[in-house]
Amino acid sequence: MTASRALHARSLSDPAGFWAEQAARIDWETPFERVLDDSRPPFARWFVGGRTNICHNAIDRHLSARADQRALVYVSTETDTERTYTYRELHDEVTRMAATLQGLGVQRGDRVLIYMPMIPEAMFAMLACTRIGAVHSVVFGGFASVSLAARIDDAKPRVIVSADAGSRAGKVVPYKPLLDEAIRLAGHHPEKVLLVDRKLAEMPLVSGRDQDYAAWRDKVAGQAVPCVWMESSEPSYVLYTSGTTGKPKGVQRDTGGYAVALATSMENIFCGKPGDTMFTASDIGWVVGHSYIVYGPLLAGMTTVMYEGTPIRPDGAILWKIVEQYGVNIMFSAPTAIRVLKKQDPALLKRHDLSSLRLLFLAGEPLDEPTARWIQGGIGKPVVDNYWQTESGWPIIAIQRGVEALPPKLGSPGVPAYGYDLRIVDEVTGEECPPNTKGVVAIDYPLPPGCMSTVWGDDDRFIRTYWSAVPNRQCYSTFDWGIRDEDGYVFILGRTDDVINVAGHRLGTREIEESLSSHPGVAEVAVVGVQDALKGQVAMGFCIARDAGRTATEADRMAFEGELMKTVEQQLGAVARPARVFFVNALPKTRSGKLLRRAIQAVAEGRDPGDLTTIEDPTALEQVKESLA
Ligand code: PRX
C-alpha cells in the first residue's frame, strides 16, 4: 500500500487516534475531553471540551522562537507598495485592531463583517476577530451592494470593517459608496463602521457611525488584548458561498478543528515547514485566501505573501518577480491565472531566478491538461492540482506531497486526502459506483475536522442542502460529478447543481437570474454557465423581454443587453456580470414548467442537448440556438 493510502486508511479506521495525534500540532489552553462527538449526525464536533484560540496559534505561539522572522510580506502593484511585518510587528498590529474592535463594543460571539481590498489591515481584522472570539465574515470586495446587503442581513454584524477603495488593474474601485448603499438596503444596521483610509477615494464619514481606523490605531497603542479561549466548536468565521437558490449560504467554521486541519494540511499536502515562504495568489474574500493566505501559513510558522494586483501588471513576470525577491518556496494559484499568463511572452517565465520555489499548487476549477503541461514545462517545477470547496476549508483530493510524491495523472487532482471517506455514489440509488463510472462525489459521515459545521443560523438548511441530496445514504454531497479509476484517482466532471465557476470564482446562476429579473423590462430569464477557453466558464443569460419593442432591432437588443449587464454589475458586482445576454420569445421548459437549463447550456456550448422527451415546446430550444447565431 502506498504511504498516502495507508495514512488515509488509518485516518478512517481510527479517526480518534489519528486526529488526537494531529491535534498536538497546536496549543490548547484546556485539553479536549473527546476527539469526536458523533452523537447528532450529520453534525460532528471535533475536540470536544478543548479550549484554544486561532490567533494565539497563528501569532503569539511563535513569538518566542520567531518574533523577528517575517510573518507577512505585502506587495501591491496597484499602489506600488511593499511592506513586511515580522511576527512581533504582526502581533502589534493585530492587537491594535483587536483593541479597536473591543473599543467599538465587539464581544465574543458578535459578528464583524469585513469588506475590504487586499491590504494588510484586512488580515489584521480577521486575526483580531479570532483573537477576541468575534466571528468574522469576509465579503469579497468584487461584490456590490445587493450581494453585500444580503450578507449583512444574514450575518447581522455589530461592526463592519471596510476601506475607502480598492484598485483593480490600475483603476480605483470605491468601496465606501457601495457599502453605504448596502447598509441602506439592509434590514440590519451595524452599530459602527471602521474605515481604513488608503487615500484612493473620497471617504465621507457618517457621524456617530463611521470611525477612522488611523485615529483608533494611535489611541489604542500599547493596550494589551489577551486571546479569548474558545471551546473547539465555537465558530471562528462565516464565509458565504453560492448554491442552488438565490440566497447565499453562510458556511460556518469551528475553531479547534479548523486550526488542526490547516496545520496538518500545511505539512502533509503543501510540504510547508516553519520558516518557509508561501505565496497564495488569491483574495481574502474566498476560502483559499482564508486558509492559505491568512491562517494556514501562520499556523505553521511560515511567512505569507499577500498580493494586491493582477498577474500581468506591470508585466506578465510579476508573480515570478515576487517569488525571486522574497524567496517564495510554495506557491498557490488558480488555473485561470495560468491561462492568462499563457497569452504572454513565454520568455517571462525565465526572467527570474525561481530556485527557491519547490511546488506550484492550483485549485478552484478544473485544471486542463494543456495549461498544466505549459506551466510545468515553463517553470520546471511540479504542479499540484487539488480539489476542494468553501465548505471543506482544505483539500479533499490531492497528491499529498508531504506524505509522498505519488505520480500525478493529468486531469485528476489525485486521491482522497486523509480524513475524507470519499465515495462516488449513484444519485438515484445512493450506492457506491464501480470504478470508472460517473457518480456524485460524496463524503460519508462524519466530515473531518476543519469542514463546515453548519449553515450559519440554519441547521435545517445544512441537513436539507448537503445531507439529503443523495438518497439512502448518510453522506455529504459536494454537488460535483466525478469518477474514480481503478488506481483510486478521482476525476472531477463538473457540478450537479446550478453553480458555475467563472475564473475560479464560484457563482450561483440563480442569483444572477434574480438580479436580471429585477429589471422591469424582463419577463423571464435563464442563466447558464458556458465553457470559455480563458475563464473556464462564463455566465450567459437568455431573456424574454416584456415589451417586444425593446428587442426589435439589433441596436435595440444591444442597448437592452448593456442595460441588463449594468443592472447585474450594480447589484451583484462586476464578477457576476454575464458575458452576454441573448433575447428569445420562449425558454425551453418541461411540461411541468421547469426550466431546462442543461439543454440550454448544451446548445450554447454547441453540444447535443440529449433527451428532450419532457420538453414542452421544442421550438424554444431552436430559438436559443438562433439567438446565439
Ligand atoms: O466544482 C468544484 C470546483 O470548485 C468548487 C468549489 O469552489 P469554491 O467553493 O470556491 O472553493 C474553491 C476551493 C479551492 C468545487 O465544488 N473545483 C475546485 N477545485 C477544483 C474544482 N474542480 C476541478 N478541479 C479542481 N481542482
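Side notes on the structure shown:
- Cβ-Cβ FRET estimate between R88 and E29, R0 fixed at 25 Å, reported to 0.05: 0.70
- Pairs from K171/K342; K438/K535; K176/K249; K176/K535; K171/K535; K171/K625 whose Cα-Cα separation, in the structure shown, is over 27 Å: K176/K535; K171/K625
- Inter-part distance, segment 251-274 to segment 208-249, computed on C-alpha centroids, equals 20 Å.
- Residues W216, W286, ranked from the fewest to the most other C-beta atoms within 10 Å, line up as W216, W286.
- Fraction of beta bridges assigned by DSSP in segment 363-492 that are antiparallel (%, nearest 5): 95 percent
- Segment 595-629 and segment 84-133 have Cα centres separated by 50 Å.
- Virtual paramagnetic centre 7 Å along Cα→Cβ of V428, amide N under 17 Å, in segment 442-477: 470-473
- Three-way shape call for segment 64-122 based on the alpha-carbon gyration tensor, with the a/c threshold at 1.5: oblate
- Burial ordering of L239, L596, L406, fewest other beta-carbon atoms within 10 Å first: L406, L596, L239
- Order of T244, T619 under a 10 Å beta carbon neighbour criterion, fewest first: T619, T244
- Antiparallel bridges, percent of DSSP beta bridges restricted to the chain (to nearest 5): 60 percent
- Cα centroid separation, segment 364-414 to segment 319-358 (Å): 16 Å
- From phi via Karplus (6.51, -1.76, 1.60), per-residue ³J(HN,Hα) for segment 533-542 in Hz, x at Gly/Pro: 4, 8, 8, x, 9, 10, 7, 10, x, 10
- Diffusion coefficient, µm² s⁻¹, Stokes-Einstein with Kirkwood Rh over alpha-carbon pairs of segment 249-402 at 37 °C and 0.692 mPa s: 210 µm²/s
- Other residues with beta-carbon under 13 Å from the beta-carbon of Y292 carry, at +1 per Lys or Arg and -1 per Asp or Glu, a net charge of -2.
- Computed over the chain, the P(r) curve from all C-alpha pair distances, binned at 20 Å from the origin, holds 19, 55, 25, 1 percent per bin.
- Of all beta bridges that DSSP places with both ends in segment 1-157, some 70 percent have antiparallel geometry.
- Listed values for segment 612-629 are Karplus-derived 3J(HN,Hα) couplings in whole Hz (6.51 cos²θ - 1.76 cosθ + 1.60, θ = phi - 60°), namely 10, 5, 8, 5, 7, 9, x, 5, 4, 5, 4, 5, 4, 4, 5, 4, 7, 5, and x replaces Gly and Pro.
We did not get these values from a lab; they are worked out from the coordinates using the rules stated. Computed from a prediction, not measured in an experiment: that's the story for all the values here. Cβ sites come from the backbone with ideal geometry, for glycine too, and all protein chains shown count toward neighbours.
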